[in-house]
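These notes concern the structure reproduced below.
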Amino acid sequence: MATAVPAERDAVAQAFAGAGREVRLPGVTVHRVGAGYDLLAAGVGPALAAASTATALTAAALDGVPYGLVVSAGIAGGFPSDAPVGSLVVADAITAADLGAETADGFVPVTELGFGTVTHRPPDSLVRETAAATGARTGTVLTVSTVTGTAERAAALRARHPAALAEAMEGFGVAEAATAHGVPVLEIRAVSNPVGPRDRAAWRIGDALTALTEAFGKLTPVLEGWKWHDQ
């Protein structure tokens with residue numbers, strides 16, 4: 001199950017045109033692509049990603065064929081010193097970077113306010129095996145509702161989350177839905193642009209999608225062989 005930004009949705013539609021069959025659910029279409037895999041273009045942002053993923057998970061559970069794993073995949077902005085354009089990142093922590101409150105002393109996450117969660121952690125063994133198979137870097141992938149567009153914002157995020165390698169817009173929403181259903185989650189991203197000042201000319205979406213496609217070719221044996229009880 002994958003999330004996608006608009007440019008990715010076009011690539012997904014082309015890649016899977018005529019493959020498998022479509023299952024239409026309220027607000028979302030699941031693509032049955034064979035070999036036990038379903039593909040879902042869940043939309044942009046954590047709220048829509050969570051809603052779309054929850055719909056698919058619920059439908060599968062009601063049909064008696066619940067999913068065993070949810071994979072959130074797509075492109076991301078990378079912090080240049082650790083995740084340059086073209087690199088792959090697999091999340092060992094999926095963190096909502098801006099879920100909390102602004103105070104006179106700075107940002108406070110909801111966990112420090114006494115409720116909610118801001119981080120979901122994929123299974124350690126699956127993260128290790130994914131990184132080994134694909135050559136991905138391992139670290140925190142931040143979920144934001146507003147893409148970073150300034151050096152100041154990038155510096156603030158990195159100071160608050162020193163283990164962060166990348167930022168995207170859907171992983172935490174997908175993880176919230178998966179966790180509610182008791183299903184493990186994995187997030188893998190290909191870096192298409194640096195986190196910082198917004199410069200569309202520097203984006204390499206096509207290259208990132210190619211890297212992501214190649215990564216999934218290497219990842220298939222891992223996904224087929226990994227079992228939750230191995231964790």
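Can you tell which of Val127, Val195 is in contact (Cβ under 8 Å) with a residue 24 or more places away in the chain and within 13 Å of Ala91 (Cα to Cα)?
Going through Val127, Val195 in turn, the sole match is Val127.
Does Val144 meet the test of being of a type in the set (Val, Ile, Thr) and either open to solvent by less than 20 Å² (accessible area, probe 1.4 Å) or touching a Phe, Trp or Tyr at 6+ places or on another chain (Cβ under 6 Å) (or both)?
yes
In segment 203-231, how many residues are in contact with a strand residue (DSSP E or B) (Cβ under 6 Å, 6 or more places away or on another chain), open to solvent by 30 Å² or more (accessible area, probe 1.4 Å) and touching a residue at least 40 places away in the same chain (Cβ under 8 Å)?
Looking only at that region, the number is 2.
Which one of the conditions (1) open to solvent by less than 10 Å² (accessible area, probe 1.4 Å); (2) modelled with pLDDT under 95; (3) closer than 24 Å to Gly206 by Cβ does Val85 fail to meet, given that it meets all the rest?
(1)
List, please: which pairs have Cβ atoms under 6 Å, are six or more places apart or on different chains, and start with a residue in segment 84-101 that is closer than 19 Å to Pro46 by Cα and end with one that is modelled with pLDDT under 95 and surrounded by fewer than 18 Cβ atoms within 10 Å (Cβ to Cβ)?
Leu99/Val110; Gly100/Phe107; Gly100/Val108; Gly100/Val110; Ala101/Val108
Looking at Ala175, Ala154, Ala166, Ala190, which is the one that is in contact (Cβ under 8 Å) with a residue 60 or more places away in the chain, surrounded by 22 or more Cβ atoms within 10 Å (Cβ to Cβ), of a type in the set (A, V, I, L, M) and assigned to a helix (DSSP H, G or I)?
Just a single option satisfies the conditions, and that option is Ala175.
Show me the strands (runs of 3 or more DSSP E) entirely contained within segment 68-138 in which 1 or more residues are closer than 21 Å to Ser192 by Cβ.
Correct list: 70-78, 88-96.
Which condition breaks for Ala47 when tested against (1) open to solvent by 50 Å² or more (accessible area, probe 1.4 Å); (2) in a loop (DSSP other than H, G, I, E, B)?
(2)
The values are calculated or read from the model by the stated rules, or taken from the named source; none is laboratory data. All values reported here derive from a predicted model rather than from experimental measurement. Because the Cβ atoms are built from the backbone with ideal geometry, glycine has one as well, and the counts that use them run over all protein chains shown. When the accessible area is computed, the model is the full protein with side chains, heavy atoms only, and any ligands, DNA or RNA have been set aside. Shrake-Rupley method; radii C 1.70, N 1.55, O 1.52, S 1.80 Å.
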